[in-house]
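Take a look at the structure set out below.
None of the figures in this text is laboratory data; all of them are computed from the coordinates on show. Because the structure is a prediction, the values reported are computed rather than measured. Counting neighbours? That spans all protein chains shown, and the Cβs are built from the backbone with ideal geometry, glycine included.
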Amino acid sequence: MIWDAFVEALRLIWNLDHEVMEIAWRSLRIAATSSAISFLLIALPLGTLIHFNRFPGKPLVISTIQTLFAMPAVVVGLLTYDLLSNKGAFGELGWYLTPDAIVFGQTLLITPVMLGLVISALNGVDKSIPETATTMGASRLQTYLISIREARFGILTALVMGFGRAISEVGISIMVGGNIRGYTRTLTTTITLETQMGELELAHALGIILILLAFVINLSLLSLQYRESKWLSWI
């Protein structure tokens, strides 16, 4: 069955099956949007502020963030439904059963992971680096940017981990996206649907395509890290 699925996956890719390519592109677009919002607007700036500032309850905040790493996607999907359904707090946005709802839910899901890993990466920076920068007259923002540069490899790992979890989740996509053909259907929801219908060969084929897609994206991001590291070793 697995071999037949692999052959079917190659056939779908080789023939550029329209529906499969559309679903794959939608999955990639939604996961990339969720990852970008979470990383650029929340995890990186907030993680930097948490790391560099002292405030009451900071250890509790960090422990809470780390605890949320294991938040089940179905629970986040339920919370997203409560917020975006017609009777929810943000029901007037009209996002329920749209790709925007999936992006919203995935952002909630992956933000704790990215945030915690960003803080961890910044903790790994030698404390003498920001201290030296401050002594030499660097502003607070410049000190932040210097530390982020030093921790860039760990921070990139946070982005890779967040993207991987976003593109592979299924609970949120079904609960608030509705698995609508041609609109909100993703690779994970299609795999679930085809399995329920007994189309196991196609389900396995789509699973292989999902793995290949995630692998290519993650490999591309990590190759950037490797090439920069190799380039720096020559300096």
note = Rounded to the nearest 500, the 222 nm mean residue ellipticity computed for the chain from DSSP H runs (n ≥ 4, each -39500 (n - 2.57)) alone is -24000 deg cm²/dmol
key: Nearest 10 degrees, 0 to 90: helix 187-196 Cα axis against the chain principal axis   = 40 degrees
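One-quarter of the Cα convex hull surface for the chain, in nm²?
Values: hull surface 65.3 nm².
For the chain, the mean projected area of the Cα convex hull comes to 16.3 nm².
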request  = Per residue of segment 50-60, in order, report the coupling 6.51 cos²θ - 1.76 cosθ + 1.60 (Karplus, θ = phi - 60°) as ³J(HN,Hα) in whole Hz, putting x for Gly and Pro.
outcome  = 5, 5, 8, 10, 9, 7, x, x, 4, x, 5
message = Only counting other Cβ atoms within 10 Å, I'd like Arg185, Arg54, Arg29 sorted with the fewest neighbours first.
response = Arg54, Arg29, Arg185
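What list do you get for Thr64, Thr143 if you sort them by fewest beta carbons within 10 Å?
Details: Thr64 12, Thr143 18.
Going from least to most buried by this count: Thr64, Thr143.
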ask   = Length gain on complete extension for the stretch Ala32 to Thr64, per 0.36 nm per residue less the alpha carbon to alpha carbon distance?
value = 9.0 nm
task = Give the order of Lys87, Lys58, Lys127 when sorted by the count of other beta carbons within 10 angstrom, beginning with the fewest.
result = Lys87, Lys127, Lys58
key: Neighbour net charge for Glu22 - beta-carbon separation under 12 angstrom, K R +1, D E -1   = +2
message = Once each part is reduced to its C-alpha centroid, what is the distance from segment 142-200 to segment 88-114 in angstrom?
response = 13 Å
key: Tilt relative to the chain, helix 99-123 - C-alpha long axis, 0 to 90 degrees, to 10   = 30 degrees
